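What follows is one structure encoded as structure tokens, with my remarks underneath.
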């Protein structure tokens, strides 16, 4: 990041505006997940009186679905699953990955080799294929979906955290802390972990995007969240026949997912400064 | 010689990883009680019938023996019999695998040249409006779910314009027919792969462009296009090949969604159907083929970087 100083101030201000917009966006998504159902004009199961695959109108901004239910309400109810479930799974994946990664970096030796080999193996199974195998074996339920997505993304998080921790572990201030006679727990908690936070956050965001795509992809295949509940991927699936009428019911949930994932990806891109270093 | 050793170690490591993957897949699909007999006979059958079938299917053996049998079968090209229609899994997979390979090969044929073109041109005109727009587009496209691209494509080109069909069949009878069948699935698959590949190609080129011999050439007055094409491209070839192979491996996820959307009779569609019917032997075999292909591509990517990186030769 040596070029940060070289950036003229108007450029930097623009970037920070982008960051503010990004943060506002993340808060908005979180709020949507938390309060979506309370904002919905109808209940998720209510059939309204304008027929199936109705086009957009003032009363039903996103039209109606294949059973004639208000799409906006379906979408608001689904936010909880798409954003919420992915969030829980990502938190679990990252916590597991960080813990194991630090363990690997600090203990080294056979702990490191065994964990590394296990991560190699898990990472060699394409995520969606892993999901299919898990669903085939355990069926599909909320805990299974969450655990599956979490386990699937632990190895990536593990590798990232391990590399970070190895770097920091080799730094002078860690050496000094050890020389002071601090215990490993103190070194990890007070010296290593605080220095990992910022890169870990961007990694978390990226992984969240992947988990959203994985879970909605699985729901789209009909193997994720099961009816009568529906996340946005399931909404696309159940309304897929509306494609021949170009109904908003099939497009809107897919666009909602894309807006969620794209906004977070662009936010991370701004934060990590990758696009800037790539542009320059 | 050192490099050969490194590659040999990488290949051996890959094989070991594949072995662990096979244990995970086998254990994962066998961990729950209630085995194939239930799926075949239903719940209300006589214990004798169940015992007979268990013996016939080899389910009375201990787990590790069943694993070894399964692994041996897999390696000799006989991964068992489908629980649903009693056909050999190999026979079910054969034509489907060919169809999937056709789809992915076509996608690669579109995506790779396009990605190289975009990656190289953005590197030549780096910092330009074109470069920045391409970058933001690429970052966004990577995050777009395949089914959005596919539905938009179908609505636009199949429903509104009626240029192509919304269903894909693996027939390439004539050129127009092939175009009709493959345009949408191939385009859908290409978007994300091309975006990511172009980004990595550009990054690889920029990495080389920062070196001092390029600075030298620049100072001598070499124009940007010649700088990239003549001076940098050759040294970036390794990392670019790495990027291409790595990103082709990400096709394997997208192909699952795309085959289902377009009802394309490929291996991924077969796998999804097998999951719905809980046809374990079929799920296992499909999963192993996917993992093996994935690992092969990552292996190729790694070998490309080993071959191209002189620093790796001494490690």
The stretch B:157-311, relative contact order in percent, only Cα pairs under 8 angstrom and at least six apart counted: 25
Enter the angle in degrees (range 0 to 90, nearest 10) between the Cα long axis of helix B:129-142 and the first principal axis of the Cα atoms of chain B, meaning the one along which they spread out most. 10
With 10 angstrom as the radius, rank B:308, B:100 by how many other C-beta atoms surround their C-beta, starting from the fewest. B:308, B:100
For chain B, what does the relative contact order come out to in percent, with C-alpha contacts under 8 Å and a separation of six or more? 26
For the stretch A:37-256, go through all pairs of different Cα atoms, get the mean of 1/r, take its inverse, and jot down that Kirkwood value in Å. 19.5
Nearest 500 deg cm²/dmol is fine: what mean residue ellipticity at 222 nm does chain B get from its DSSP H runs of n ≥ 4 alone, each adding -39,500 (n - 2.57), divided by its residue count? -24500 deg cm²/dmol
Candidates B:297, B:267, B:161, ranked by Gaussian network fluctuation over chain B, Cα under 10 Å, top entry: B:161
In whole angstrom, note down how far apart the Cα centers of the stretch A:69-121 and the stretch B:114-157 are. 28
For A:170-180, mean number of other protein chain Cβ atoms within 10 Å: 0
Per-residue ellipticity at 222 nm for chain A, helices alone: DSSP H runs ≥ 4 residues times -39500 (n - 2.57), over residue total, nearest 500 deg cm²/dmol? -22500 deg cm²/dmol
In a Gaussian network model over chain A where Cα atoms closer than 10 Å are linked, find which of A:71, A:129, A:87 has the largest mean-square fluctuation. A:129
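Report the relative contact order of chain A, percent, no decimals, based on alpha-carbon pairs under 8 angstrom and at least 6 residues apart.
Normalised by residue count, the contact order of chain A is 24 percent.
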Other chains near B:263-275: what is the mean number of their Cβ atoms within 10 Å of each residue's Cβ? 2
If packing is taken as the average number of other Cβ atoms within 10 Å across a peptide's residues, how do B:62-75, B:280-293, B:128-141 rank, most packed first? B:280-293, B:128-141, B:62-75
If you split all Cα-Cα distances of the protein assembly as shown into 20 Å bins from zero, what percentages do you get per bin, shortest first? 17, 51, 29, 3, 0
Cα radius of gyration and Dmax for the stretch A:8-162 (Å): 21.4, 67
Can you give the mean number of other chain Cβ atoms that lie within 10 Å of the Cβ atoms in peptide A:117-124? 6
Restricting everything to alpha-carbon atoms, can you work out Rg to Rh for the stretch A:198-249 with a Kirkwood hydrodynamic radius? 1.16
Identify which of B:214, B:118, B:31 has the largest mean-square fluctuation in a Gaussian network model of chain B, with springs joining Cα atoms closer than 10 Å. B:31
If one compares the long axis through the Cα atoms of helix A:86-107 with the longest principal axis of the Cα atoms of chain A, the angle in degrees, nearest 10, works out at 10
Return one number: the angle in degrees, 0 to 90 and rounded to the nearest 10, between the long axis of the Cα atoms of helix B:47-57 and the longest principal axis of the Cα atoms of chain B. 40
Based only on other Cβ atoms within 10 Å, what is the fewest-to-most ordering of A:70, A:46? A:46, A:70
Jot down the per residue volume, in cubic angstrom and as a whole number, of the convex hull over the alpha-carbon atoms of the stretch B:90-313. 142
Please state, to two decimals, what the Cα-based radius of gyration of the stretch A:161-280 comes to when divided by 2.2 N^0.38 Å (N = residues). 1.59
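Any read-out appearing in this document is the output of simple, stated calculations on the displayed coordinates, not a laboratory observation. Keep in mind that what you see is a predicted model, and the values were worked out from it rather than measured. Reconstructed Cβ throughout: ideal geometry from the backbone, glycine too, with neighbour counts over all protein chains shown.
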